[in-house]
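What follows is a set of notes on a single structure, which appears directly below.
Coordinate-derived values only; no laboratory data. As the structure is a computational prediction, the values presented were derived from the model and not from experiment. So basically every Cβ, Gly included, is an ideal-geometry build from the backbone, and we count neighbours across all protein chains shown.
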Amino acid sequence: MFEKNIKSDEGRGLLMYVDSNLEATEITMKTEFQENLFIKVKLNQNDKLLVGLIYRTPSNSSKEYNDKLVNLMSEATDMGYSHILIMGDFNYPEINWETWNTKGDRPNSTENKFLEALQDNFLYQHTTKPTRWRGADTPHTLDLLITNEEEMISNLEYMSPLGKSDHCVLSFDFNCYVNIKRAPKIANLYNHGNYKEFIQELNKIDWHNKLNAENSIDKNWNYFLTILKELESRFVPTKTMTQIGKKRNVFPIDKKTRELIRRKNILSKKNYN
């Protein structure tokens, strides 16, 4: 997990979760844009991925603030990464991402300057449908997915908001090659345990004295647990398990809840279709 401004009152705060099997490191950008979080991820051979998370507040329309964002985008592309993924709430409601232009003739607007920065750095922006809506408000595309190659994003889905948020959840696949080194999982084969000797060892222990009534419950429990684990390691064989394929339904959600989530996503999509 990587975070920025979560424990402070500065800005909105950024949070990024990364699979523990990936080799990821946080990096500090030179451009002093208030809310940005960048990490690098090692890919196959000499390839490396730069992942950025950005929040641009709509309450600051100063030229200096927006110039820093433009400079940050340029800095990211100049760092020599083979793969770039920059995400976040950029709050540019006036940009039409299907045509890559803005309303009216304002070449010096912050929106046009941002579009020019993406084009000058040969970056692609993948979200084209509204990502934020509330009540009778006009839906807007505020949350962006920016890469340095057009084919890096696939299977993009606009899902229902999380909790009471008015921003949709973006689900997508990022296409790259990476060797994921998963730690082997050791499974206990309880059905092959030698429980005859297990019980014999348990019977040798003077439980009356070991689990003394004068001891705290925690102390007695920890002693019992230590003995149990030690005997388990001696009399229950283990096997190294290798995960094949991708797990489905990792979280213990029942069928009814999954159906409600599916229904919520369907109803949510009607807001912008």
For helix 217-235, report the angle its Cα long axis makes with the longest principal axis of the Cα atoms of the chain; keep it between 0 and 90° and round to the nearest 10°. 80 degrees
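Step through the table entries LYS7/LYS68; LYS129/LYS264; LYS40/LYS68; LYS4/LYS42; LYS4/LYS48; LYS42/LYS113, compare each Cα-Cα distance with 27 Å, and write down the pairs that go over it.
LYS42/LYS113
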Against the longest principal axis of the chain, how steep is helix 110-120, in degrees 0 to 90 to the nearest 10, with axes from Cα atoms? 80 degrees
Divide, for the range 2-174, the radius of gyration over alpha carbons by 2.2 N^0.38 Å, where N is the residue count. 1.02
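Sum up the charges of everything whose Cβ sits under 12 Å from the Cβ of LYS30, counting Lys and Arg as +1 and Asp and Glu as -1, but leave LYS30 out.
Values: positive: LYS68; negative: GLU32, GLU75, ASP78.
After counting each charged neighbour, the total is -2.
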Neighbourhood charge, 12 Å Cβ-Cβ cut-off, centred on THR257 and excluding it, Lys, Arg +1 and Asp, Glu -1: +4
Quick one: work out Rg over Rh on the C-alpha atoms of the range 114-177, Rh as Kirkwood radius. 1.03
Filter the chymotrypsin sites (Phe, Trp or Tyr not before Pro) in the range 122-184 down to the DSSP loop ones having no more than 15 other Cβ atoms within 10 Å, then list what survives. PHE122, TYR177
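For the range 7-103, run through the GluC sites (Glu not before Pro) and keep only the ones in DSSP coil with at most 15 other Cβ atoms within 10 Å of their Cβ.
In loop regions of the range 7-103 (DSSP not H, G, I, E or B), the sparsely surrounded GluC sites (Glu not before Pro) are GLU10, GLU23, GLU32, GLU94, GLU98.
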Which of the GluC sites (Glu not before Pro) found in the range 132-186 are loop residues per DSSP with 15 or fewer other Cβ atoms within 10 Å of their Cβ? GLU149
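What FRET efficiency would be calculated for the residue pair ASN71, PHE198, taking the C-beta separation as r and a Förster radius of 51 Å, to the nearest 0.05? Don't skip to the end; give the middle numbers.
On the way: r = 66 Å, r/R0 = 1.30.
Step by step, r from the Cβ atoms, then E = 0.15.
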Within the P(r) computed for the range 185-241, what percentage of the Cα pairs occupies the region above 14 Å? 60 percent
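So what's the net charge close to LYS48: Lys and Arg +1, Asp and Glu -1, counting the other residues with Cβ under 15 Å from its Cβ?
-3
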Between the range 162-227 and the range 109-125, the Cα center-to-center distance that results, in Å: 51 Å
Compute the length gained on full extension between LEU228 and GLU214: take 0.36 nm times their separation in residues and subtract their Cα-Cα distance, giving the result in nm to one decimal. 2.9 nm
Here the gain from full extension of MET79 to THR257, 0.36 nm per residue of separation minus their alpha-carbon distance, amounts to 59.7 nm
If amide H atoms are modeled at 1.01 Å from N in the peptide plane, then the residues at a separation of 5 or more from ILE84, or on another chain, having amide H under 5 Å from its own are LEU50, ASN148, GLU149
Taking Cα pairs under 8 Å and at least six residues apart, what relative contact order does the chain come out at, in percent? 13 percent
If a paramagnetic tag sat 7 Å from the Cα of ASN60 along the Cα-Cβ line, which residues of the range 68-92 would have the backbone N under 19 Å from that point? 68-76, 87-92
From DSSP H assignment alone, runs of 4+ in the chain each adding -39500 (n - 2.57), the sum over residues rounded to the nearest 500 puts [θ] at 222 nm at -8500 deg cm²/dmol
Each residue of the range 37-51 in turn: what ³J(HN,Hα) in whole Hz from Karplus with 6.51, -1.76, 1.60 and θ = phi - 60°, glycine and Pro shown as x? 9, 10, 9, 10, 10, 6, 10, 5, 6, 9, 6, 8, 10, 9, 10
Potential lengthening between ILE205 and ALA183 on full extension [0.36 nm per residue; Cα-Cα distance subtracted]: 4.3 nm
